[in-house]
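The values are calculated or read from the model by the stated rules, or taken from the named source; none is laboratory data. What you are looking at is a predicted structure, and each value in this text was computed from that prediction instead of being measured. With ideal geometry, Cβ positions are generated from the backbone for all residues, glycine too; neighbour counts draw on all protein chains shown.
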Amino acid sequence: MKKLRLILGDQLNSQHTWFNQADADVLYVMMEIKQETDYVVHHAQKVIAIFAAMRAFSDRLKSDGHQVIYLTISDSNNGHDFEQNLNQIITQHQIEHFAYQAPDEYRVDGLLKIFASKLTIPHAMVSTEHFLTERDEASRFFGNGNWLMERFYRHMRIKHQVLLDDKKKPVGGQWNYDKENRQYWNHQPSAPVDNRPTHDHSDIWNEINSLNITTMGQPNESAFRWPINREESLQILDDFIDHKLVYFGAYQDAMHTEELRLFHSLISFSLNTKMLSPAEVIAKAEQAYIEKDYPLAAVEGFIRQILGWREFVRGFYWTNMPAMQTVNYFNHQQPLPSWFWNGETKMNCMKHCIRQSLDHAYAHHIQRLMVIGNFALLMGFKPSEVHAWYLGIYIDAFEWVEMPNTIGMSQYADGGLLATKPYVSSAAYINKMSNYCGDCTYSHKARIGENACPFNSLYWDFFQRHQTQLAKNPRLGIVYMQLQKMRESDKKDISQQAALIKNNAENL
Ligand SMILES: Cc1cc2nc3c(=O)[nH]c(=O)nc-3n(C[C@H](O)[C@H](O)[C@H](O)COP(=O)(O)OP(=O)(O)OC[C@H]3O[C@@H](n4cnc5c(N)ncnc54)[C@H](O)[C@@H]3O)c2cc1C
Ligand code: SF4
């Protein structure tokens with residue numbers, strides 16, 4: 001029976017059982033299509049990286065003896081649409097069975113379900129064999145209760161036997177060492193060298209340009225630093241385990257103008273395209289704890305991101321789609337200022353985080369959450385616009401992981417389904433965790449006045465404006481107690497200052 005198997009651009013899992021042995025009756029299809037490049041404006045490096053990794057994957061399959069049809073973005077036979085391309089191949093090759101791996105994105109999942117339902121040949125959707133949980137596992141775990149990551153994480157630690165002692169208790173006696181992981185970085189320990197391989201992808205970039213595909217950010221096509229295959233992904237992972245993991249925990253939240261990545265792993269692109277599996281990453285980190293005697297806080301903190309957060313947000317996505325696309329708990333409507341696309345702002349923290357995102361398609365978690373996301377929420381930017389920006393700009397941005405992080409964790413637009421309180425702060429936090437404020441036009445200490453840091457008045461204005469929705473949250477008790485003690489005249493000054501800032505968003 002002649003079989004057709006579709007491989008999507010984020011399904012580059014060479015360890016999948018599909019590829020155990022070559023089969024003359026199986027034809028694989030991979031396609032670069034405008035349907036996928038155009039649904040949001042992506043970072044240039046993201047488009048290049050996905051195409052380069054897809055092409056490398058196809059070459060590898062072919063050299064292993066598999067048959068692959070590969071439609072490049074500039075192929076004259078490319079209809080730039082899943083349905084059109086697949087129908088053409090099915091007819092042309094007299095295909096008798098169609099299969100695809102479960103898409104991680106709701107949009108593509110729906111699209112392929114509809115396509116398959118219209119087929120007159122048998123068809124099947126199989127697992128990507130990547131995640132540690134099923135799509136609905138977290139939802140079954142929580143039932144009607146509140147979604148608390150920490151509860152889910154403990155369940156995952158036990159289920160997957162990670163960092164447990166002989167009595168099935170957490171090693172070291174605690175499940176979570178986050179409190180030990182909040183240090184400021186000031187050149188010590190010295191920042192790790194960027195050992196990622198470099199590629200020249202000028203050919204792909206020229207192809208993208210010739211088709212007028214709109215992108216954002218720097219392509220960096222001739223000195224490209226993102227991995228395009230499993231070998232390079234493993235090399236980056238090993239480099240992280242050997243040189244960075246030991247400091248990951250302590251400096252996880254630190255930010256610095258001269259060091260963009262500090263001790264972060266840079267493996268999210270490899271994980272999200274499935275060139276690496278979460279199980280192998282966790283196993284390597286746990287092994288380093290045992291064999292290299294790394295601090296438990298570092299290893300636990302890293303493992304929690306993958307075993308806990310990554311699987312948790314995936315479950316959250318499948319439980320809350322499609323409603324999550326349109327939620328707007330605070331009814332925020334302000335558009336993003338144009339400097340989100342060029343980084344030209346006097347706010348030093350925003351300038352650095354946005355410019356680095358545009359230059360490298362990367363910002364680490366705290367830059368995404370406590371600088372850019374924090375500012376977006378305090379300003380009242382429209383959540384759907386914030387989401388589209390995040391979905392486009394980051395190398396690792398795939399909707400199933402980006403949307404819960406942006407809409408839920410960062411913008412609280414779901415009204416607190418994912419996060420127990422809004423992640424907002426005044427300049428004090430940014431000043432504590434970075435060196436951004438030192439060189440800033442604005443004063444991180446001032447709340448009112450032309451040179452006052454915008455975060456300061458926006459922070460208090462946010463809590464004043466959303467008193468009805470937030471004042472009963474027990475985690476915000478202290479904030480509202482402080483607000484209550486504030487003089488009415490101060491509150492008025494804050495509202496006026498915040499209004500000025502919002503009206504002047506383009507020129508901050
Ligand atoms: C507003 C916002 C948007 C985000 N969008 C994305 C996104 O589109 N894609 C994405 O992979 N991550 C996203 N994250 C989570 C996190 O910021 C990135 O996973 C991380 O910065 C990737 O860099 P790294 O590989 O160096 O990660 P490290 O800091 O080294 O962490 C290791 C791994 O843990 C996982 N991880 C860490 N935090 C999270 C999290 N909150 N949710 C899910 N997985 C996590 C990632 O796979 C990451 O590679 C977002 C966070 C925020 C606040
Ligand atoms: S003073 Fe305010 S705007 Fe400037 S870097 Fe600090 S937090 Fe950012």
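Here are some notes:
- The residues of the range 397-409 that are of a type in the set (Val, Ile, Thr) and either under 18 Å from PHE462 (Cα atoms) or crowded, with 24+ Cβ neighbours inside 10 Å (or both), listed by number, are THR406, ILE407.
- Residue within the range 258-269 that is over 22 Å from GLN188 (Cβ atoms), in the same structural domain as GLN183 (by TED's automatic domain parsing) and not in a loop (DSSP other than H, G, I, E, B) present: yes
- Among (1) within 12 Å of ligand 1 (Cβ to nearest atom); (2) in contact (Cβ under 8 Å) with a residue 60 or more places away in the chain; (3) aromatic (Phe, Trp, Tyr), the one test that TYR329 misses: (1)
- Residues in the range 390-431 that are more than 10 Å from ligand 2 (Cβ to nearest atom), in contact with a strand residue (DSSP E or B) (Cβ under 9 Å, 6 or more places away or on another chain) and not hydroxyl-bearing (Ser, Thr, Tyr): LEU391, GLY392, ILE393, ILE395, ALA397, GLN411.
- The range 432-463, residues that are more than 24 Å from the chain's Cα centre (by Cα), near ligand 2 (Cβ under 10 Å from one of its atoms) and outside any helix (DSSP H, G or I): ASN435, CYS440, THR441, TYR442, SER443, HIS444, LYS445, ALA446, ASN451, ALA452, CYS453
- Just one residue in the set TYR423, TYR412 is closer than 29 Å to GLY477 by Cβ, surrounded by fewer than 22 Cβ atoms within 10 Å (Cβ to Cβ), within 13 Å of ligand 1 (Cβ to nearest atom) and within 19 Å of the chain's Cα centre (by Cα); that residue is TYR423.
- Index of the failed condition, SER117 passing every other in (1) exposed (fewer than 14 other Cβ atoms within 10 Å of the Cβ); (2) over 20 Å from TRP318 (Cβ atoms): (2)
- Subset of the range 75-98 that is at pLDDT 95 or above and in a loop (DSSP other than H, G, I, E, B) - its residue that is surrounded by the most Cβ atoms within 10 Å (Cβ to Cβ): ILE95
- Among residues of the range 1-21, those that are surrounded by fewer than 21 Cβ atoms within 10 Å (Cβ to Cβ), charged (D, E, K, R) and in a loop (DSSP other than H, G, I, E, B), counted: 1
- Note on the range 361-383: residues that are within 17 Å of LEU418 (Cα to Cα) and more than 9 Å from ligand 1 (Cβ to nearest atom) total 3.
- Filtered by the rule that a residue be among the small types (Gly, Ala, Ser), closer than 19 Å to TYR317 by Cα and part of a loop (DSSP other than H, G, I, E, B), the range 388-431 gives ALA397, ALA413, GLY415, GLY416, ALA419.
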